[in-house]
């Protein structure tokens, strides 16, 4: 099914209203590229979006909706679900505050509920402030990455990288890696790639050590790859980590399974930082975020780069529709 015949409903949480989230969301919306892949709706503060539209020099109208049946499906009308979780007086640009952190938690809950109810096919999280959410005691509202249960999957053009582990020390990674964990990670990644529209995924598996020669490769990674292959996954590895990401860019693999956070992140951010996006594999719906923060130093100046947000919103629509990864604008 092509993008023109089915465009799923995608809800985007605007991010912390004191940061650049509303601005990059507004710019992405008004580009017209989001509507090619989805029917978008925002979740957050109308006032924050109106401020962002003005600071970015955009001409779009901001309109509150209470039902998806009200959507006009126009790049010129920014439509938002505003449940009144934030008072306009609490929006102080460039500064963390508990009220905005609390509102971010409410909006993430609202997006999750709408997705689980089947109203939204996918969700996108704009740049939040972990500091503000910690102040409000709601940081647990952000989807966590837990090895064996959920995974971070980064996308930058032809380079797509899933991570077995995320925020943990290399010593912990070495202790955690097992045949079972590697095999389960591969099976889950294969299933998601197929659901997203990649009919016969080819997955490269990065080694942990230089040249993929070490104890972890022999004990956990190679046996895990063999187990996944026996279960029908087209996986290859462990491959030397100094070569596998280039091979993915050149088209040998549809995705790479990296062993730890920096292994995949360095490759992605070196290859193509501005246009990348992050998928969280775990929730029972497509869920994305951006790889940058609130950028308090430039908020309100209208100069924030919206390409990551545009990529995340477009990718959410394409994956939810099962049409694969979108072509770059």
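Kirkwood radius and radius of gyration were both taken over the C-alpha atoms of the range 158-207, and their ratio Rg/Rh is 1.01.
Using the reciprocal of the averaged 1/r over all distinct C-alpha pairs, how large is the Kirkwood radius of the range 68-124 in Å?
On the way: mean 1/r = 0.0754 Å⁻¹.
Mean inverse Cα-Cα distance, inverted, gives 13.3 Å.
Once R0 is set to 35 Å, what does the formula 1/(1 + (r/R0)^6) return for the Cβ-Cβ distance between residue 236 and residue 142, expressed as a FRET efficiency to the nearest 0.05? That gives a FRET efficiency of 0.55.
Arranged from fewest to most other beta-carbon atoms within 10 Å of their beta carbon, 133, 313 become 133, 313. In whole Å, what is the distance between the alpha-carbon centres of the range 73-141 and the range 183-207? Taking the Cα centre of the range 183-207 as reference, the centre of the range 73-141 is 31 Å away.
For the range 56-164, the antiparallel share of DSSP beta bridges with both residues in that region comes to about 50%. Summarising the strand pairing of the range 151-270, around 30 percent of its internal DSSP beta bridges are antiparallel.
I'd like the distance between the alpha-carbon centres of the range 238-302 and the range 1-43, rounded to an integer number of Å. Using only Cα atoms, the two centres lie 20 Å from each other. Exposure proxy for 202, 116: other Cβ atoms within 10 Å of each Cβ, ordered fewest to most, give 116, 202. When both the range 210-227 and the range 158-182 are represented by their alpha-carbon centers, they are found 12 Å apart.
To check you understand DSSP bridge types, tell me what percent of the beta bridges within the chain (both residues inside) are antiparallel, rounded to 5.
Working: 11 of 39 bridges.
Of all bridge pairs located within the chain, approximately 30 percent are antiparallel.
Here is how the number arises for the chain: DSSP H runs of 4 or more residues each give -39500 (n - 2.57), the sum is divided by the residue count, and the result at 222 nm is -10500 deg cm²/dmol. If you fit an axis through the alpha-carbon atoms of helix 261-271 and take the longest principal axis of the Cα set of the chain, what angle between them do you get, 0 to 90°, nearest 10? So the inclination is approximately 70 degrees. If the chain linking residue 252 and residue 209 were pulled fully straight, counting 0.36 nm for each residue of separation and taking away their Cα-Cα distance, it would gain 13.4 nm.
How long are the semi-axes of the equivalent ellipsoid of the range 151-270, defined as square roots of 5 times the Cα gyration tensor eigenvalues? Whole Å, largest first. Mind showing how you got there, number by number?
Numbers: eigenvalues 73, 55, 33 Å².
Equivalent ellipsoid semi-axes, largest first: 19, 17, 13 Å.
For the range 131-159, backbone nitrogen atoms closer than 16 Å to the point 7 Å from residue 176 Cα along Cα-to-C-beta are found at 143-154. Using the Stokes-Einstein relation with a Kirkwood hydrodynamic radius computed over Cα pairs, the translational diffusion coefficient of the chain at 4 °C and a viscosity of 1.567 mPa s comes to 64 µm²/s. Going by neighbour counts of Cβ atoms within 10 Å, the residues 130, 188, 315 line up, fewest first, as 130, 188, 315. For the chain, the longest principal axis of the alpha carbon atoms and the long axis of helix 179-195 meet at an angle near 50°. Using C-alpha pairs under 8 Å with a sequence gap of at least 6, the mean separation divided by the residue count of the range 185-329 gives a relative contact order of 25 percent.
By average Cβ neighbour count within 10 Å, what is the ranking of 220-227, 280-287 from highest down? Walk me through the intermediate numbers first.
On the way: 220-227: 21.1, 280-287: 18.4.
The densest-packed peptide leads the list: 220-227, 280-287.
Here the label points at residue 229 and residue 298, each 7 Å from Cα along the C-beta direction, are separated by 4.5 nm in the simple model.
Readers should treat all values here as calculations from the given coordinates under stated rules, not as data from a laboratory. Just so it is clear, the structure is predicted and the values come from calculations on it, not from any experiment. Because the Cβ atoms are built from the backbone with ideal geometry, glycine has one as well, and the counts that use them run over all protein chains shown.
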